[in-house]
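The values are calculated or read from the model by the stated rules, or taken from the named source; none is laboratory data. Because the structure is predicted, anything quoted here is derived from the model rather than measured. Neighbour counts run over all protein chains shown; Cβ positions are idealised from the backbone, glycine included.
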Amino acid sequence: MGAFATLLYAFYKGMRLAGLWQSVQETLALSAVVFFMLVGAETLGYFISVSRISFTISTFLGGLDVPTMVILLLILLLYFVLGMFMDSIAMLVITVPVVFPIITMLGIDPVWFGILTVLTVELGLVTPPVGMNVFVIKAMAPHVGLGEIYRGVAPFIVADLLRLALLIAFPILTLWML
């Protein structure tokens, strides 16, 4: 309904069929770029799964003789680094079945961990060197340089890091409604 209402509004404001055709072409080109990036991320996720890297890392983390908070931070660091290179769905599908038993074994609240994980993954998706979401923005605005886009998202990265630190330090901020 929203797309149809926008189309009607565009025609009302004077858009012609040539403008509609140009919009359709740009939308198809942008969608193709996004889908190629997702296919690449899914392929990378498949190879990471086949290589069992995530299982090896999780086994290593579960066997460490350190405080629970250190293991939590190491797992979040893993998600942050993976978020720089992989699609979030592929990453979560590959790692959560391995990491979740470690989290429950350590007595960490699964809801709290889930929220921290999603925030960390999304933070990785806008962080250099890859930051998939940044490349989606670049595809939408090809005239804007990558450096300028990264400078534009920098304040959001800082704010997300601060929010993540607060939620780690004060789990009650996440769990107060439970």
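Filter the range 1-50 down to residues that are farther than 21 Å from Gly83 by Cα and of a type in the set (A, V, I, L, M), then give me how many there are.
Count: 15.
Which one of these is crowded, with 18+ Cβ neighbours inside 10 Å, of a type in the set (A, V, I, L, M) and more than 23 Å from Thr43 (Cβ to Cβ): Leu161, Leu76, Leu166, Leu64?
Details: Leu161 fails: crowded, with 18+ Cβ neighbours inside 10 Å; Leu166 fails: crowded, with 18+ Cβ neighbours inside 10 Å; Leu64 fails: crowded, with 18+ Cβ neighbours inside 10 Å.
Within the list Leu161, Leu76, Leu166, Leu64, the selection yields Leu76.
Of the residues Pro110, Pro97, which single one is under 20 Å from Ile48 (Cα atoms), over 10 Å from the mean Cα position of the chain (by Cα) and not basic (Lys, Arg)? Spell out the reasoning first.
Details: Pro110 fails: under 20 Å from Ile48 (Cα atoms).
The match here is Pro97.
Determine, yes or no, whether Arg151 is under 26 Å from Phe35 (Cα atoms) and among the basic types (Lys, Arg).
Values: under 26 Å from Phe35 (Cα atoms): yes; among the basic types (Lys, Arg): yes.
For Arg151, the condition - under 26 Å from Phe35 (Cα atoms) and among the basic types (Lys, Arg) - is met.
Go through the residues of the range 124-135 one by one and say whether even a single one is at pLDDT 90 or above, part of a helix (DSSP H, G or I) and of a type outside the set (A, V, I, L, M).
First pass over the range 124-135, keeping only residues at pLDDT 90 or above: none.
Checked the range 124-135: no residue is at pLDDT 90 or above, part of a helix (DSSP H, G or I) and of a type outside the set (A, V, I, L, M).
Consider only pairs whose beta carbons are under 8 Å apart and that are at least six residues apart or on different chains; among these, list those whose first residue lies in the range 1-19 and is without any contact (Cβ under 8 Å) to a residue 12 or more places away in the chain and whose second residue is part of a loop (DSSP other than H, G, I, E, B).
So the pair list comes out empty.
Is it fair to say Pro128 is surrounded by fewer than 18 Cβ atoms within 10 Å (Cβ to Cβ) and without any contact (Cβ under 8 Å) to a residue 12 or more places away in the chain?
Working: surrounded by fewer than 18 Cβ atoms within 10 Å (Cβ to Cβ): yes; without any contact (Cβ under 8 Å) to a residue 12 or more places away in the chain: no.
Answer is no for this residue.
Which one of these is hydroxyl-bearing (Ser, Thr, Tyr) and over 22 Å from Phe36 (Cα atoms): Thr127, Thr95? Explain how you work it out, then say what you get.
Values: Thr127 fails: over 22 Å from Phe36 (Cα atoms).
From the options Thr127, Thr95, the qualifying one is Thr95.
For the structure I just gave you, tell me whether Arg163 is charged (D, E, K, R) and without any contact (Cβ under 8 Å) to a residue 12 or more places away in the chain.
When the stated conditions are applied, Arg163 does not pass them.
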